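Enquirer: Before we start, here is the structure in question, set down as structure tokens.
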Amino acid sequence: MSFLAEAVTRKEIPKNSSERKVPEQVKAYLHEGLIESSNIEFELKLGTVIDQKSYRKPELAKAGRNKIISSYPNGCKYMAHVPPEVFNNLNGYLNGWMNPKGGNVPWRVEKYSRQQDMDVVYRTNNPQAETDKLRASYDLKRGGEEPLVIAKRPLPPLTIFFGGQNELDVRISAAYEDEHELPEDLDEWRIDSIRIKNRISYKMKHFQIDITEVFGYFDITQEEASAMIKNRNYRMNMKPGSKCRIFSNSRQSWQNATVKSFAKNGKAATFTLEGSTEKRPLEKTLKRDSAFIESKDITNIPEISYEVELELLPDVLKNKETRYDVMWDWIKCMFHIRKRAHNLGSQKSRSQPQRHNRHQHHKSKHSSKAPIGTKRKRTPGPGNSEKKIAAGSGSAESTKGRTEAEKKDN
């Protein structure tokens, strides 16, 4: 289509229609052929484009402006994390959408759910294999032996970049997800990583908001990875007297412990920590399914991160009459969440995630098997204070009507 024809076509679109509001780059990315594909996943994810050497955002847009980019400068990557205080407060904020006072909420939640999974990523160098990477997801909440096995084929993403060192960005991504069986020659595959995910989901009419606490084990030995898979239901099977390990996020270390007792409803457990005496009892109470609890065989230090994403429900874009309304509602909701996250994060300075390069940086700093009781040194972040968001030209986000962040919902 020529520039003139495109301009005439755009002129014919009503000014206040969703089709006009959705940026042209996003329309081109979510094209007809992609939408009509099967087993395709579309998601928006909060995070930050960051330089891996300076731990700062590159200057791709002026402060208060934004732009859509399809690639990152050399040495930069997208860190799809948010600070823990933002995660916790967003949880409380979104819970308010389920029981609104006066019935006024930006989006109505149709279903609330919690899920805990263990994702095991396998890789192979076998050129005859149908795929070189598989993800096996074990349901830790319901148990069961058979995982859901997926071969994911991500497409290059788009990113809405916001100028300003403390601004969160939004990544738009699409990926094919094909179901597979576990290979018969699984012993010849290498376990690349393990992620334990505690996910809270808020399902709306056309999309779902997922906020997830992730315990990532990326530099793990094959023996320890196999032990984690074997003992994945350890928390469900704990009994008084069971030996385990409790992770301290502040100390970045594991501590030996023994299960002392359970709450009457069985959902919480109290542990006696190693070194406890009658005069100086050391105890800790955690939810029974907490990923801070592991079997006594685990010594690897996890990378704890927090993710916020909005995933479109299957096939909701296939209806051409409502396609742009759904697309715009999806984007608008992410901008709303992003604004809320920024307001929450501005109450205290936000440092960058601990791990800026998942493999090389971590391997250069830590051994793959840290001794029990040892602490891992943290990589310091810039710790800059937050600034207000200002939407750029072409952005759908408004800076009006901001409210103070709600207090953390305990």
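Enquirer: Can you find even one residue in the range 181-188 that is within 23 Å of Ile337 (Cβ to Cβ) and not hydroxyl-bearing (Ser, Thr, Tyr)?
Expert: no
Enquirer: Now for a different question. Give the number of residues within the range 231-249 that are loosely packed, with under 14 Cβ neighbours inside 10 Å and in a helix (DSSP H, G or I).
Expert: Residues flagged as loosely packed, with under 14 Cβ neighbours inside 10 Å and in a helix (DSSP H, G or I) within the range 231-249 amount to 2.
Enquirer: Let me ask something additional. Could you check the range 276-311 and list, in sequence order, the residues that are surrounded by 14 or more Cβ atoms within 10 Å (Cβ to Cβ) and hydroxyl-bearing (Ser, Thr, Tyr)?
Expert: Scanning the range 276-311 gives Ser276, Ser290, Ser295, Thr299, Ser305, Tyr306.
Enquirer: A further question on this structure: Could we say that Lys279 is of a type in the set (Lys, Arg), closer than 29 Å to His81 by Cβ and without any contact (Cβ under 8 Å) to a residue 40 or more places away in the chain here?
Expert: no
Enquirer: Does Val214 qualify as being open to solvent by less than 20 Å² (accessible area, probe 1.4 Å) and more than 21 Å from the chain's Cα centre (by Cα)?
Expert: Considered against the rule, which asks whether it is open to solvent by less than 20 Å² (accessible area, probe 1.4 Å) and more than 21 Å from the chain's Cα centre (by Cα), Val214 comes out as no.
Enquirer: Could you grab the pairs with beta carbons closer than 7 Å, sequence gap of 6+ or different chains, first residue in the range 60-76 and over 19 Å from Gln25 (Cβ atoms), second one open to solvent by 60 Å² or more (accessible area, probe 1.4 Å) and assigned to a loop (DSSP other than H, G, I, E, B)?
Expert: Gly75/Lys53
Enquirer: Got a number for residues in the range 108-133 being over 14 Å from Ala151 (Cβ atoms) and open to solvent by less than 30 Å² (accessible area, probe 1.4 Å)?
Expert: 3
Enquirer: Kindly indicate the residue of the range 312-330 that is acidic (Asp, Glu) and open to solvent by 50 Å² or more (accessible area, probe 1.4 Å) and also farthest from Gln208 (Cα to Cα) among those meeting that condition.
Expert: Result: Glu321.
One line per residue, one yes/no per condition, for (1) modelled with pLDDT of 90 or more; (2) within 21 Å of Gln115 (Cα to Cα):
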residue: Asp192; (1), (2): yes, no
residue: Ile196; (1), (2): yes, yes
residue: Phe207; (1), (2): yes, yes
residue: Thr212; (1), (2): yes, yes
residue: Asn231; (1), (2): yes, yes
residue: Gln252; (1), (2): yes, no
residue: Lys267; (1), (2): yes, yes
residue: Arg280; (1), (2): no, no
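Enquirer: Hey, another quick one. Kindly provide the set of residues from the range 217-226 that are farther than 16 Å from Phe292 by Cα and surrounded by 16 or more Cβ atoms within 10 Å (Cβ to Cβ), ordered by number.
Expert: Taking the range 217-226 and keeping what is farther than 16 Å from Phe292 by Cα, we get 218-226.
Scanning the range 217-226 gives Phe218, Asp219, Ile220, Glu224, Ala225.
Enquirer: Hey, another quick one. Just checking, which of Ser250, Ser305 is within 29 Å of Gly92 (Cβ to Cβ) and in contact with a Pro (Cβ under 8 Å, 6 or more places away or on another chain)?
Expert: Ser305
Enquirer: I need every pair where a residue in the range 8-23 that is over 18 Å from Ile172 (Cβ atoms) has its Cβ under 9 Å from the Cβ of a residue that is assigned to a helix (DSSP H, G or I) and at pLDDT below 75, sequence separation at least 6 or different chains.
Expert: Arg20/Arg10
Enquirer: If I ask for residues that are among the aliphatic types (A, V, I, L, M) and assigned to a strand (DSSP E or B), which ones from the range 109-120 would you list?
Expert: Result: Met118, Val120.
Enquirer: Shifting gears a bit: Looking only at the range 50-94, which residues are of a type in the set (Val, Ile, Thr) and more than 15 Å from the chain's Cα centre (by Cα)?
Expert: The answer is Ile50, Ile68, Ile69.
Enquirer: Being under 30 Å from Phe292 (Cβ atoms) and either surrounded by fewer than 19 Cβ atoms within 10 Å (Cβ to Cβ) or without any contact (Cβ under 8 Å) to a residue 60 or more places away in the chain (or both) is the filter here, so list the residues in the range 182-207 that pass it.
Expert: Residues of the range 182-207 that are under 30 Å from Phe292 (Cβ atoms), as a first pass: 182, 186, 189-203.
Answer for the range 182-207, where residues must be under 30 Å from Phe292 (Cβ atoms) and either surrounded by fewer than 19 Cβ atoms within 10 Å (Cβ to Cβ) or without any contact (Cβ under 8 Å) to a residue 60 or more places away in the chain (or both): Leu182, Leu186, Arg190, Asp192, Arg199, Ile200, Ser201, Lys203.
Enquirer: List every residue pair whose Cβ atoms sit under 9 Å apart, with the two residues 6 or more apart in sequence or on different chains, where the first one lies in the range 283-298 and is in contact (Cβ under 8 Å) with a residue 40 or more places away in the chain and of a type in the set (Lys, Arg) and the second, anywhere, is open to solvent by less than 80 Å² (accessible area, probe 1.4 Å) and part of a loop (DSSP other than H, G, I, E, B).
Expert: Arg288/Met238; Arg288/Ala263; Arg288/Gly266; Lys296/Ser242
Enquirer: Can you tell me how many residues in the range 15-59 are over 26 Å from Gly163 (Cα atoms) and either surrounded by 12 or more Cβ atoms within 10 Å (Cβ to Cβ) or of a type outside the set (S, T, N, Q) (or both)? Step through it out loud before you land on a result.
Expert: Going residue by residue through the range 15-59, those that are over 26 Å from Gly163 (Cα atoms) are 15-17, 31-41.
This time we only want the ones that are either surrounded by 12 or more Cβ atoms within 10 Å (Cβ to Cβ) or of a type outside the set (S, T, N, Q) (or both), so: 15, 17, 31-36, 39-41.
Residues flagged as over 26 Å from Gly163 (Cα atoms) and either surrounded by 12 or more Cβ atoms within 10 Å (Cβ to Cβ) or of a type outside the set (S, T, N, Q) (or both) within the range 15-59 amount to 11.
Enquirer: Can you name the number of the only condition in (1) touching a Cys at 6+ places or on another chain (Cβ under 7 Å); (2) modelled with pLDDT of 95 or more that Lys77 fails?
Expert: Failing condition for Lys77: (1).
Enquirer: For the range 257-334, which strands (runs of 3 or more DSSP E) that fit wholly inside it have 2 or more residues that are touching a Leu at 6+ places or on another chain (Cβ under 8 Å)?
Expert: Working: elements: 268-273, 283-287, 293-295, 303-312.
It comes to 268-273, 283-287, 303-312.
Enquirer: Taking the range 230-255, which residues are farther than 25 Å from Glu145 by Cα and either of a type in the set (D, E, K, R) or more than 29 Å from the chain's Cα centre (by Cα) (or both)?
Expert: Those that are farther than 25 Å from Glu145 by Cα and either of a type in the set (D, E, K, R) or more than 29 Å from the chain's Cα centre (by Cα) (or both): Gly241, Arg251.
The values are calculated or read from the model by the stated rules, or taken from the named source; none is laboratory data. This is a predicted model, so every value here is computed, not measured. All Cβ positions, glycine included, derive from the backbone under ideal geometry; neighbour counts span all protein chains shown. Please note that ligands, DNA and RNA were not included when accessible areas were found on the heavy atoms of the full protein model with its side chains. Shrake-Rupley method; radii C 1.70, N 1.55, O 1.52, S 1.80 Å.
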